[in-house]
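Q: Take a look at the following structure, please.
The values are calculated or read from the model by the stated rules, or taken from the named source; none is laboratory data. From a predicted model like this one, the values you see are computed outputs, not experimental measurements. When we count neighbours, we look across all protein chains shown, and the Cβ atoms used for this are built from the backbone with ideal geometry, even at glycine. Surface accessibility is based on the protein's heavy atoms, side chains included, excluding ligands, DNA and RNA. Shrake-Rupley method; radii C 1.70, N 1.55, O 1.52, S 1.80 Å.
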Amino acid sequence: MSKLEQTSVNNFCKFLSNGVSINKNGSNYNVTPCCWYKQENTVQDLSINSVEKARDQYRHIVDWSPGCVTCHTLESENVASYRQSSFDLVKNDNNKIQNLEIMLHNVCGAACIICNPTSSSQWHKELKKQNMKSGQSPYMFDQIEFDNLFTNDFTDLKQIKFWGGEPFIN
């Protein structure tokens with residue numbers, strides 16, 4: 001269970017206070033501190049108020065939380081984690097977004113062995129044929145969604161990662 005406390009500096013993981021990862025979830029969006037975070041936090045739109053309300057759920061976590069299971073597992077096996085890299089990527093913990101990750105779409109014509117149905121519409125299609133849990137339906141961000149997202153304060157943005165699907169499709 002995570003410990004919560006009011007603090008302006010997060011010494012546990014800089015992405016908890018300075019990162020945001022966004023992917024589409026049907027007609028809603030999942031907003032987490034990074035793409036490795038395993039608990040969903042769904043918002044209806046990408047307005048400033050919605051994104052900040054989602055970020056408020058993470059800013060004050062100062063110990064392992066259930067959403068941090070991937071980093072916790074890696075570190076318990078003495079493998080470098082994304083949490084550890086946050087200290088290199090975020091230099092000034094000011095509670096502003098410095099690391100932004102956006103899953104643009106999951107449209108892809110391949111079903112690579114290293115991928116999954118969340119990131120590949122082809123995997124979704126193949127699993128659906130087998131009547132198996134197929135994950136996310138094919139989707140793609142549109143211009144209105146980007147316009148809403150970029151009303152947020154990105155003045156301190158240091159890194160942006162676009163991921164998901166086949167990059168040359170859109």
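Q: Does residue 69 satisfy being among the β-branched types (Val, Ile, Thr) and either outside any loop (DSSP other than H, G, I, E, B) or touching a residue at least 40 places away in the same chain (Cβ under 8 Å) (or both)? Can you show your working first?
A: On the way: among the β-branched types (Val, Ile, Thr): yes; either outside any loop (DSSP other than H, G, I, E, B) or touching a residue at least 40 places away in the same chain (Cβ under 8 Å) (or both): yes.
In short, yes.
Q: Consider residue 81 carefully, then state whether it is modelled with pLDDT of 85 or more and not acidic (Asp, Glu).
A: yes
Q: Restricting to the range 72-95, count the residues that are of a type in the set (A, V, I, L, M) and either closer than 18 Å to residue 156 by Cβ or in contact (Cβ under 8 Å) with a residue 60 or more places away in the chain (or both). Outline the logic, then answer.
A: Of the range 72-95, the ones of a type in the set (A, V, I, L, M) are 74, 79-80, 89-90.
Then drop every residue that is not either closer than 18 Å to residue 156 by Cβ or in contact (Cβ under 8 Å) with a residue 60 or more places away in the chain (or both), which leaves 89-90.
Counting residues in the range 72-95 that are of a type in the set (A, V, I, L, M) and either closer than 18 Å to residue 156 by Cβ or in contact (Cβ under 8 Å) with a residue 60 or more places away in the chain (or both) gives 2.
Q: Residue by residue through the range 15-42, note down the ones that are over 20 Å from residue 121 (Cα atoms), assigned to a strand (DSSP E or B) and without any contact (Cβ under 8 Å) to a residue 24 or more places away in the chain.
A: 42
Q: Would you pick out the residues in the range 40-70 that are at pLDDT below 90 and under 13 Å from the mean Cα position of the chain (by Cα)?
A: 40
Q: Find the residue count for the range 77-87, including only residues that are surrounded by fewer than 16 Cβ atoms within 10 Å (Cβ to Cβ) and out of contact with any Lys or Arg (no Cβ under 9 Å at 6 or more places or on another chain).
A: 5
Yes/no matrix, rows are residues, columns are (1) over 30 Å from residue 144 (Cα atoms); (2) surrounded by fewer than 18 Cβ atoms within 10 Å (Cβ to Cβ); (3) in contact with a Cys (Cβ under 7 Å, 6 or more places away or on another chain):
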site: 28; (1), (2), (3): no, yes, no
site: 35; (1), (2), (3): no, no, no
site: 49; (1), (2), (3): no, yes, no
site: 55; (1), (2), (3): no, no, no
site: 63; (1), (2), (3): yes, yes, no
site: 69; (1), (2), (3): yes, yes, no
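Q: Answer with yes or no whether residue 91 is surrounded by fewer than 16 Cβ atoms within 10 Å (Cβ to Cβ), in contact with a Leu (Cβ under 9 Å, 6 or more places away or on another chain) and among the charged types (D, E, K, R).
A: The answer is no for residue 91.
Q: Restricting the range 101-138 to residues that are open to solvent by less than 50 Å² (accessible area, probe 1.4 Å), of a type outside the set (Gly, Ala, Ser) and part of a helix (DSSP H, G or I), which is modelled with the lowest pLDDT?
A: Per the criteria, the residue is 124.
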